[in-house]
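The values are calculated or read from the model by the stated rules, or taken from the named source; none is laboratory data. Here the structure is a predicted model, which is why all the values come from computation and not from measurement. Cβ coordinates were reconstructed from backbone atoms using ideal geometry, including for glycine residues, and neighbour counts include every protein chain displayed. The accessibility values were calculated without ligands, DNA or RNA, using every heavy atom of the protein model including side chains. Shrake-Rupley method; radii C 1.70, N 1.55, O 1.52, S 1.80 Å.
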Amino acid sequence: MQKKPMNSRTLIAALLLMIPTWSFAEDVWGPDLIQFDLEGGAKIETMLWISGFSYSSTEFLRSAGCLNNKEYIGSKELIVALNGVYKGMRITSESATEVLGKYLRSNYSCAAYNQQRNTDSGADAPPPVR
């Protein structure tokens, strides 16, 4: 009797079963990574919000000269930062923005991004440079 070769699907399934599940623990991504509730929305909505924040932060820091074109602010990094402060809590986008702003200023410091704003009414402020 001739042996049939193992098909590729069976081979892949067998190999995956042999890999310990702990090897994937460090690479959690997607909805399972999120450990807070952003305004009662679905986790996919939170992921989209974080993705937009990541993109806009990256572009802002690049335009300010704080990041080069190959660097970026990752969504996973921002989710981990929010998990560290808000794990298990329901939060607003405003509070998430405040925490992420502080996180970015402390982890991506550069003169242009960390400039102090003038806190008075601006009446005595010099005119903008043209």
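Computed values, structure above
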quantity: Qualifying helices (runs of 4 or more DSSP H) (wholly inside the range 20-126; at least 3 residues being at pLDDT 95 or above and among the hydroxyl-bearing types (Ser, Thr, Tyr)); calculated: 43-63, 93-107
quantity: Looking only at the range 59-94, and only at residues there that are hydroxyl-bearing (Ser, Thr, Tyr), open to solvent by less than 80 Å² (accessible area, probe 1.4 Å) and in contact with a helix residue (DSSP H, G or I) (Cβ under 8 Å, 6 or more places away or on another chain), the one that is nearest to Leu33 (Cα to Cα); calculated: Ser75
quantity: Residue check for Leu16: open to solvent by 90 Å² or more (accessible area, probe 1.4 Å), more than 25 Å from Ala112 (Cα to Cα), modelled with pLDDT under 95 and in a helix (DSSP H, G or I); calculated: yes
